[in-house]
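The values are calculated or read from the model by the stated rules, or taken from the named source; none is laboratory data. Quick caveat: nothing in here was measured; it's all calculated off a predicted structure. A quick note on method: Cβ atoms are made from the backbone with ideal geometry, for glycine too, and the neighbour counts reach across all protein chains shown.
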Amino acid sequence: MHVTDFRKGCPPIYETASNDDPRPPAPPCLTLGDLGIGFPVVQAALSGYSDWPMRVIARRLGAPYTICEVMLDKFVLEVSRGSKVRRLLKVTDEEHPVGAQLMGSAPEDFGPAAAQLVAAGFDVIDINFGCPVKKVLGRCRGGFHLSQPPVALEIIARVREAVPDRIPVTVKMRRGIDDSEDSREKFFAILDGAFELGVAAVTVHGRTVLQRYVGPSRWEFLAEVKRHVGSRTVLGSGDLFSPQACLDMIRQTGVDGVTVARGAIGNPWIFSQATALARGEPLPDPPGLFKQREVIREHYRLAEETYGERRAGRLMRKFGIKYSRLHPDGVQVRDAFVQVRQTSDWQQVLEKWYAEDRAGVHPPAEPEIAGTPGGGESADAA
Ligand SMILES: Cc1cc2nc3c(=O)[nH]c(=O)nc-3n(C[C@H](O)[C@H](O)[C@H](O)COP(=O)(O)O)c2cc1C
């Protein structure tokens, strides 16, 4: 059965080249503890985005692993019978391996919440020490923990103790609260302590908490972290807007894998394109409009199944806007998706703008604005 298969070892990335094959060797397979992931380009946690429909689409189109949007520990525990928490805890067979991410303030709340996420079927528990949203920091959650290594390490210890040994625990960190030496020392204290406590991997976003999304992610810092931890597993994050950037980050920094965030919203093809590039093949053409239509339609269908017809229309608008970037008439299609209120509007956009199988375009390899889509990393899901 699927659920046990992927635990047997690392799934093959692709056929290994023979000696006279000029293609570059496959990048090393990514593993999280004993959990084999495979190709080391995975779907990041994205609050407001990486819900069940987005994760299923990403998996079907080649993401070897996905992470659910962040959840608040208290929310997982207290609203245990609400429909919102049931939607957030939804895991289906085809998704495995899939990670859940926890955020909170009090260490004692993390363990029970982590156990609940494992019971729901998640394969990995990721701990959020990165969220830079003001409200989150004000409540001593997310990125705030980078300022208090003892509390951060207690949280990790509580989670590690609360879940079975077979479940990898991972940590997501920004590169510090700010650019001070004190912040840097605290980052490394948490990093080293986390591995001592048995975390399987740490994901590092190369921006500081204060930086939020302004300015680039510092990839040199990722290289430094990887050198520092040696054979332990580090995943890199930040500014992965093209398949080539995913491979560049792995090659330039030595990290064991990368988590694609904004670059995967409305472009789930980024995972298979990165795989093709890693094989030494040319960048595949962007999907044509019929292929795009099929995926967009299916994404909508999954959203409708999850949220019901009334909410799906509104929720899917932000995805439609992102999908429009792959359309040759992107601006008009974006404007059409912005108007969507209900399922019939959505269908009309597809009928009007995806009626002919024209060639698609690659989305721009940079964010549209310095900030973030859809209001940015938020704690709404939490
Ligand atoms: C809208 C949005 C929501 C995010 N939500 C989460 C989250 O729930 N958990 C998390 O660890 N990081 C979250 N992030 C951070 C991303 O996973 C990633 O680290 C960051 O966007 C940098 O990567 P990028 O520059 O390639 O987008 C979020 C980012 C954005 C833009």
> Which of the residues that make up region 314-335 are among the acidic types (Asp, Glu) and assigned to a helix (DSSP H, G or I)?
Replying inline: ASP335
>> Take the conditions at positive phi, surrounded by fewer than 22 Cβ atoms within 10 Å (Cβ to Cβ) and among the small types (Gly, Ala, Ser) and apply them to GLY330. Does it pass?
In response: no
> Is there a residue being within 14 Å of the ligand (Cβ to nearest atom) and of a type in the set (D, E, K, R) anywhere in region 212-220?
Replying inline: yes
>> Please count how many residues of region 192-211 are out of contact with any helix residue (DSSP H, G or I) (no Cβ under 7 Å at 6 or more places or on another chain) and part of a helix (DSSP H, G or I).
In response: 2
> Of everything in region 141-161 that's crowded, with 22+ Cβ neighbours inside 10 Å and hydrophobic (A, V, I, L, M, F, W, C), which residue is farthest from GLU108 (Cα to Cα)?
Replying inline: LEU146
>> Quick check on region 20-53: of everything there that is among the charged types (D, E, K, R) and more than 16 Å from the ligand (Cβ to nearest atom), which residue is surrounded by the fewest Cβ atoms within 10 Å (Cβ to Cβ)?
In response: ASP20
> Of the residues in region 169-183, how many are away from the ligand (no atom under 16 Å from the Cβ) and either buried (at least 17 other Cβ atoms within 10 Å of the Cβ) or not assigned by TED's automatic domain parsing to the domain that holds LEU117 (or both)?
Replying inline: 1
>> Looking only at residues that are of a type in the set (A, V, I, L, M) and part of a strand (DSSP E or B) in region 221-246, which one is nearest to the ligand (Cβ to nearest atom)?
In response: LEU235
> Would it be correct to say that TYR323 is surrounded by fewer than 21 Cβ atoms within 10 Å (Cβ to Cβ), among the hydroxyl-bearing types (Ser, Thr, Tyr) and either under 25 Å from the mean Cα position of the chain (by Cα) or not assigned by TED's automatic domain parsing to the domain that holds ARG55 (or both)?
Replying inline: no
